[in-house]
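What follows is a short report on a single structure.
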Amino acid sequence: MTPAGAAAPMPAPDPASPPAETEAEAPRGDIVVALAQLAPRLGDLRANLARHLELIGAASAQGADLLVFPELSLTGYFLQDLVTDTAIRLDGPELGALAEASHGIDTVVGCILESDDHRFHNAAIYLSGGAVVHVHRKVYLPTYGLFDEARDVAPGNRFRAFVAPLPSARPPRPWRAGILICEDLWHPSSAYLLARDGVDVILCLSSSPGRGVGSGGALGTAQSYDVMTRTYAQLFTAYVVYCNRVGYEDGVNFWGGSRVVDPEGHLDGEPAGREEALPLHRLGLAVVRRARIANPMLRDERHDIVDAECRRLSRRERG
Amino acid sequence: MADSGGGSALSVPPGALDVDCDLVTEILTGFVRDEVRKVGFERAVVGLSGGIDSALTLALVCRALGAENAIPVIMPYRASSPASERDGRLVAAQLGATPLVVDISPQIDAYFAGSPDADRNRRGNKMARERMSILYDISLARGALVVGTSNKTELLLGYGTIHGDMAHALNPLGDLYKTQVFALARHLELPPTVIAKAPSADLWEGQSDEQELGFEYARVDRLLHLMVDERRGRAELRTLGFADAFVEQIQRRVRDSQYKRRPPLIAKLSNRTIDRDFRYPRDWGR
C-alpha cells in the first residue's frame, strides 16, 4: 500500500514492521485495518474456516486491530442450493472458533446465517474478544441480471451502528461502525442511515462480479464502486472500508480492488489488485475530526426536514 | 402422508419411489409430442441399445409420434453382446418401428489402430460419441429430433459419457430413477427379457452397471431419493440405515459429476453473458 500523495491522512504502516509493543498499550486514536481479499472455495465451509483462522493469525502478527473479510467469505458466492448446506448458526462451532481467534484482533466475516426459524441470511458478523458484537443481515438482495439472491436467502430488515470494541487499540473514544453488504451500498439511504446513526467507519463486505470490459482499463463494476465508496466517504465524512473478494466461480470473475477511503473522500493508497492480498490501512479518529470540522455536513443535516418529508411520502405511498 | 409415516425423520414411506404410471406416461408422451413438433419436426431418432432405458424411450416416442415417425437405430460394435442387437430388434418389432442398424466397428477400429493400447474406458467413450454422431447425422438426414435415454440415477451419478449418450435434444426419462424406469417399462409391457436382464452399457464384454458402480440400483435409488428429493441430512440417513461411507461415496459422485450436467463455463466479460444474464427459455418463441 502506497500513500496517495497529499491525500494520505497519515504515513501508511509498513507491514514488515508492526507497531511497537508499547504503542499497543497506550490509547491510540488510530487503528490498523487489514483487508482479507481472498478467493473462498465455493461451498467448502471447512477449508474456508481454516483459511480464515490462518489469515486472522497473519493479520494479527502484522499488527492489525481489525480484519475485514469479504461478503460470504466462509462459503463463496454463487451458492444456489449450497446455501442450506453451508449455513452456520450464531451459536455454532464455526463462529465459536472464529470468536476465539478474535481475542487479539476484531474480525468481520461473511457467511450464510441460519435462524431458529430456518431462514437463511447473507450476513456479516463482527467478532471481538471471543464474542459476537454485531450482526448485519444483507437488506438489499439483488435479483436481476446475473443475480438470484432473493430466491436463495431472506432479506435483513435493519441498518444499525454499533461500537467497535477494538481493544488492542484502546481508543480514547469509541469507534462507531456500521456494516453494509455489497448491494446495500447501491442504496444511498443505507449509508445515510448509518451516518445518521453516528458511524466513523462504514465496513462494506463485497462479492462483486466483474463485468463490462469496454471502458478503458477498469471493469464497469469497479468504476461504480470507486465512485460510490469515495462519494459516501466524502458526503458522510466517514471512513469507507471496502473488502471485495477475488477468484472465479463458474466463469464469473470477482475483481478485488479492496480499498479504504478516508472521510475527505481520498483513497488511502492504491486499491488492491485482482489477486489475493492482505493490505493494511491506518485509520485515525483525528482524521474524522478534521474532516468534520472542514465539512460539517453531518452537523448541519436537517433531520427534521428529512423526517417530515418521509412521513409525507409514506402517507402518499400508502394512498 | 401421516398414515405412511412420510416426512418423519425416522421412517421412509415404503412406496417413496412409486409413481402413477398412467399419469407419467401421459405427461411424457405429451412432452415428446409437444417439444418435437413445436420445433418443426415430426420424427424422432433414438439409439436403441437393447436395454431398458432406450426401450422405454422408444415406447414413449412411438406413443407420442406414431411408430412410423420413430427411427430406432441399433449401433453394434463387433464385441457387443449379440443379445443387445437381438433385444433391440425385439423391442422395435413389438412397437412396430423399423430399426436402422449401423455397425460402428470399422470407424472405431480404424481410429484405435493408431492407439492399440487404449484402455476400455477410452474405447467405451469413443463408441458412445461415435453413436451420438451417427444419431445426429440421421437427425439431419431424416429430419428427426434426437431423443436421449439417460435416467435420473445415471445423470446424478455421472454414469454416462459426456457428449456421448448424454448428448441429445430431449430427455423424457431424466427425472425418473432407474427403479421407476423399471416400473414404467413393466407398465407399458415391454419385452420381459429386456426388463429382466442386468442393466449394462455394453461398452465391453460382460460389463454390468451394478458391478461397475459397486452397488444395486434399488439401494442407491432409495438413497438418492432421500438425499435429493427429500433433502435428508447425514444424521437422518444414518438412522435410516445408510452407512456414512456409502452416503459419502454417493455424495462425492454427485458432486464430482456436476460438470456433466451443465453447459460449458463461459468466462464472463460483458454485462450480458449467455446463460448468466442473457436468459431466455429454450422454448423461446415456440
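All of the numbers you see were taken from the coordinates with simple rules; none came from a lab. Since this is a predicted model, take the numbers as computed values, not measurements. Cβ: placed from backbone, ideal geometry, glycine included. Neighbour counts: every protein chain shown.
Pairs under 8 Å by beta carbon, first residue away from every other protein chain (no Cβ under 14 Å) in the range B:267-286, partner not in a loop (DSSP other than H, G, I, E, B), six or more apart or different chains?
B:D283/B:E35; B:D283/B:K38; B:R286/B:K38
Are there any pairs with C-beta distances below 8 angstrom linking a residue in the range A:137-157 that is of a type in the set (S, T, Y) to a residue that is exposed (fewer than 15 other Cβ atoms within 10 Å of the Cβ) and assigned to a loop (DSSP other than H, G, I, E, B), with the two at least 6 apart or on different chains, and if so which?
Sorted first by the residue in the range A:137-157, then by its partner, the pairs are A:Y140/A:P155; A:Y140/A:H187.
Pick out the one residue from B:R89, B:R120, B:R129 that is surrounded by fewer than 14 Cβ atoms within 10 Å (Cβ to Cβ) and touching a residue at least 12 places away in the same chain (Cβ under 8 Å).
Numbers: B:R89 fails: surrounded by fewer than 14 Cβ atoms within 10 Å (Cβ to Cβ); B:R129 fails: surrounded by fewer than 14 Cβ atoms within 10 Å (Cβ to Cβ).
That would be B:R120, the only listed residue that is surrounded by fewer than 14 Cβ atoms within 10 Å (Cβ to Cβ) and touching a residue at least 12 places away in the same chain (Cβ under 8 Å).
Quick check: is even one residue across the range A:91-103 among the acidic types (D, E), surrounded by fewer than 23 Cβ atoms within 10 Å (Cβ to Cβ) and within 14 Å of chain B (Cβ to nearest Cβ)? It would help to see each step written out before you state the result.
Taking the range A:91-103 first, the residues among the acidic types (D, E) are A:91, A:94, A:100.
Add one more test, that the residue is surrounded by fewer than 23 Cβ atoms within 10 Å (Cβ to Cβ), and what stays is A:91, A:94, A:100.
Filter once more, keeping what is within 14 Å of chain B (Cβ to nearest Cβ): none.
Scanning the range A:91-103 turns up no residue that is among the acidic types (D, E), surrounded by fewer than 23 Cβ atoms within 10 Å (Cβ to Cβ) and within 14 Å of chain B (Cβ to nearest Cβ).
Within 15 Å of the chain's Cα centre (by Cα) and in contact (Cβ under 8 Å) with a residue 12 or more places away in the chain: is that true of A:R119 in this structure?
Here the answer is no, as A:R119 does not meet what is asked.
Looking at (1) out of contact with any helix residue (DSSP H, G or I) (no Cβ under 8 Å at 6 or more places or on another chain); (2) in contact (Cβ under 8 Å) with a residue 40 or more places away in the chain; (3) closer than 23 Å to A:A169 by Cβ; (4) of a type in the set (A, V, I, L, M, F, W, C), find the lone condition where A:L90 falls short.
(3)
When the residues of the range B:161-186 are filtered to those that are of a type in the set (A, V, I, L, M), part of a loop (DSSP other than H, G, I, E, B) and within 19 Å of B:D34 (Cβ to Cβ), which remaining residue is farthest from the chain's Cα centre (by Cα)? Before the answer, list the steps.
Going residue by residue through the range B:161-186, those that are of a type in the set (A, V, I, L, M) are B:162, B:166-167, B:169-170, B:173, B:176, B:181, B:183-185.
If we keep only those that are part of a loop (DSSP other than H, G, I, E, B) too, we end up with B:162, B:166-167, B:169, B:173, B:176.
Within this subset, residues satisfying the condition of being within 19 Å of B:D34 (Cβ to Cβ) are B:169, B:173, B:176.
On the way: B:A169: 12, B:L173: 6, B:L176: 9 Å.
Across the range B:161-186, the extreme among qualifying residues is B:A169.
Just the residues that are among the basic types (K, R) and either surrounded by fewer than 14 Cβ atoms within 10 Å (Cβ to Cβ) or within 13 Å of another protein chain (Cβ to nearest Cβ) (or both), please, taken from the range B:242-260.
Of the residues in the range B:242-260, the ones among the basic types (K, R) are B:252-253, B:255, B:260.
Selection gives B:R252, B:R255.
Tell me whether the range B:187-210 contains one or more residues that are without any contact (Cβ under 8 Å) to a residue 12 or more places away in the chain and in a helix (DSSP H, G or I).
yes
Any residue in the range A:225-242 that is under 17 Å from A:E275 (Cβ atoms) and more than 14 Å from chain B (Cβ to nearest Cβ)?
To start, the set of residues in the range A:225-242 that are under 17 Å from A:E275 (Cβ atoms) comprises A:242.
Pick out the ones that are also more than 14 Å from chain B (Cβ to nearest Cβ) and you get A:242.
Checking the range A:225-242: at least one residue is under 17 Å from A:E275 (Cβ atoms) and more than 14 Å from chain B (Cβ to nearest Cβ).
Would it be correct to say that A:F254 is away from chain B (no Cβ under 14 Å) and aromatic (F, W, Y)?
Working: away from chain B (no Cβ under 14 Å): no; aromatic (F, W, Y): yes.
No: the conditions fail for A:F254.
Among the candidates B:V254, B:V228, B:V247, which residue alone is free of Cβ contacts under 8 Å to residues at least 40 places away in the same chain, within 23 Å of B:E154 (Cα to Cα) and part of a helix (DSSP H, G or I)?
B:V247
Considering the range A:270-283 alone, what residues qualify as being surrounded by fewer than 19 Cβ atoms within 10 Å (Cβ to Cβ) and of a type outside the set (D, E)? Don't jump to the end; show me each part of the working.
So the first thing to find is which residues in the range A:270-283 are surrounded by fewer than 19 Cβ atoms within 10 Å (Cβ to Cβ), and the list is A:270, A:273-278.
Selection gives A:G273, A:R274, A:A277, A:L278.
Among residues belonging to the range A:204-224 that are in contact (Cβ under 8 Å) with a residue 60 or more places away in the chain and more than 12 Å from every other protein chain (Cβ to nearest Cβ), point out the one that is surrounded by the most Cβ atoms within 10 Å (Cβ to Cβ).
A:L205
If you scan the range A:122-136, which residues turn out to be surrounded by fewer than 22 Cβ atoms within 10 Å (Cβ to Cβ) and either of a type in the set (A, V, I, L, M, F, W, C) or part of a strand (DSSP E or B) (or both)?
Filtering the range A:122-136 down to residues surrounded by fewer than 22 Cβ atoms within 10 Å (Cβ to Cβ) leaves A:129-135.
If the condition is that a residue be surrounded by fewer than 22 Cβ atoms within 10 Å (Cβ to Cβ) and either of a type in the set (A, V, I, L, M, F, W, C) or part of a strand (DSSP E or B) (or both), then A:A131, A:V132, A:V133, A:H134, A:V135 are the ones that fit.
Please go through the range A:228-253 and give me each residue that is outside any loop (DSSP other than H, G, I, E, B), more than 18 Å from A:G178 (Cα to Cα) and under 16 Å from the mean Cα position of the chain (by Cα), ordered by number. Lay out the reasoning, then the answer.
Step one: filter the range A:228-253 for residues outside any loop (DSSP other than H, G, I, E, B), giving A:228-235, A:239-244, A:246-249, A:252-253.
Narrowing further to those that are more than 18 Å from A:G178 (Cα to Cα): A:246-249, A:252-253.
Of everything in the range A:228-253, just one residue is outside any loop (DSSP other than H, G, I, E, B), more than 18 Å from A:G178 (Cα to Cα) and under 16 Å from the mean Cα position of the chain (by Cα), namely A:V246.
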